[in-house]
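Okay, structure first, notes after.
Read the figures in this text as sums done on the coordinates, not as results from a lab. All figures in this text were calculated on a predicted structure; none of them were measured in a lab. In this analysis, Cβ positions are derived from the backbone assuming ideal geometry, glycine residues included, and neighbour counts consider all displayed protein chains.
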């Protein structure tokens, strides 16, 4: 069965706790850079990532989450893999 992979990107704004501004009930959000991570959405695969592919074990994966598909034989999975982020200025995000 051929593996079906769709690649996307996950954006996460890095910010502190909102700080109140005096006299009006408004808040200011202090941001500091943004994270951009590649994400693979895997619709169909027969192999799962090895422990050595994760960050801290020599690889570049931050997380992976797979579910077994209800197919005879039980060795077909779908899920996603999130790779280690890069940090960019939030104004540079398209």
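Some notes on this structure:
- For the chain, the share of DSSP beta bridges that are antiparallel, to the nearest 5, is 95%.
- Here segment 1-52 is treated as a sphere whose radius is the Kirkwood value from Cα pairs; by Stokes-Einstein at 10 °C and 1.306 mPa s it diffuses with a coefficient of 107 µm²/s.
- Packing-based order for 42-48, 75-81, 85-91, using average beta carbon neighbours within 10 Å, highest first: 75-81, 42-48, 85-91
- Evaluated at q = 0.14, 0.15 Å⁻¹: base-10 log I(q)/I(0), Debye formula over Cα of the chain: -0.67, -0.73
- Label-point separation in nm, residue 26 to residue 51, each point 7 Å along Cα→Cβ: 5.3
- In this structure, residue 89 and residue 68 have a Cβ-Cβ separation that, at R0 = 30 Å, corresponds to a calculated FRET efficiency of about 0.15.
- Residues 39, 28 arranged by fewest to most Cβ contacts within 10 Å: 28, 39
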